[in-house]
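S.K.: Could you have a look at this structure, given as C-alpha cells, before my questions?
The values are calculated or read from the model by the stated rules, or taken from the named source; none is laboratory data. No experiment lies behind these values; they were computed from the predicted model shown. A quick note on method: Cβ atoms are made from the backbone with ideal geometry, for glycine too, and the neighbour counts reach across all protein chains shown.
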C-alpha cells in the first residue's frame, strides 16, 4: 500500500516538474474553489501545496487562495442571509458590528488565527458583520499567515519522499513555530485590550 501511495506522489511530482506553470495555475484555481466552498480538509490542501510546490510558492498559493476563497464565500453568504433572513440578519448584524466596531480588524485577525474552528464557521460569523471587503481580505491575509506558513513549511519539509518515514511531529511543530504563534496571538489580544 505504501509503495502505491509513493508511486502516486512521484507521478504527481513528475507531472508538476514537466508542467510547472500549468500545474501551478490549476492547483491555485482548485484551491480557490476549495476555500470558496469552505470544504473540510483545508489542512490537506495547504500541506500539499508546500509539498508539491515548495515552501514559498506553497505559502503564496495557500494565503491568496484561502483569502480570496473566504471573501467570495462571505460575499455570497451575506447576500443569501440578507435575502432569506433579512429581519434577523439586520438585527444581529448591527448588534455584532457595534460591539466590535472599535477593534473590528483585530477581532477578524483573531478569528482567522483560531486553529481548529472550521473555515465555514469562521466565514459565516464574519458574514454576519458589517465590515468592508478590503478589511476582511486584509485581515484574512494577516490572520491566515502564521498557519499557512506552518502548513507550507511542513508540506515542504515532508516533500523529501525518501525521508518521509523518519519525520516526527516534533520536527514539524518546533518550539520556534509555537512561540511565534503565541506571540502573534498575545499582541493581537493586547491591542484589543488597549483600544477599550
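S.K.: Cβ-Cβ distance below 6 Å, separation of 6 or more or different chains: which pairs start in region 95-124 with a residue that is farther than 16 Å from residue 77 by Cβ and end on one that is modelled with pLDDT under 70 and not in a helix (DSSP H, G or I)?
M.R.: Hits for this filter: 107/100.
S.K.: From the list 24, 52, 76, which one is more than 21 Å from residue 112 (Cβ to Cβ), part of a helix (DSSP H, G or I) and out of contact with any helix residue (DSSP H, G or I) (no Cβ under 6 Å at 6 or more places or on another chain)?
M.R.: Values: 52 fails: out of contact with any helix residue (DSSP H, G or I) (no Cβ under 6 Å at 6 or more places or on another chain); 76 fails: more than 21 Å from residue 112 (Cβ to Cβ).
It is 24.
S.K.: Another question, then. How many residues are buried (at least 21 other Cβ atoms within 10 Å of the Cβ) and without any contact (Cβ under 8 Å) to a residue 40 or more places away in the chain when one looks only at region 62-82?
M.R.: 2
To keep it simple, each residue is scored yes or no on (1) at pLDDT below 85; (2) touching a strand residue (DSSP E or B) at 6+ places or on another chain (Cβ under 7 Å); (3) loosely packed, with under 13 Cβ neighbours inside 10 Å; (4) over 26 Å from residue 53 (Cα atoms).
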residue	(1), (2), (3), (4)
123	no, no, no, yes
135	no, no, no, yes
142	no, no, no, no
164	yes, no, no, no
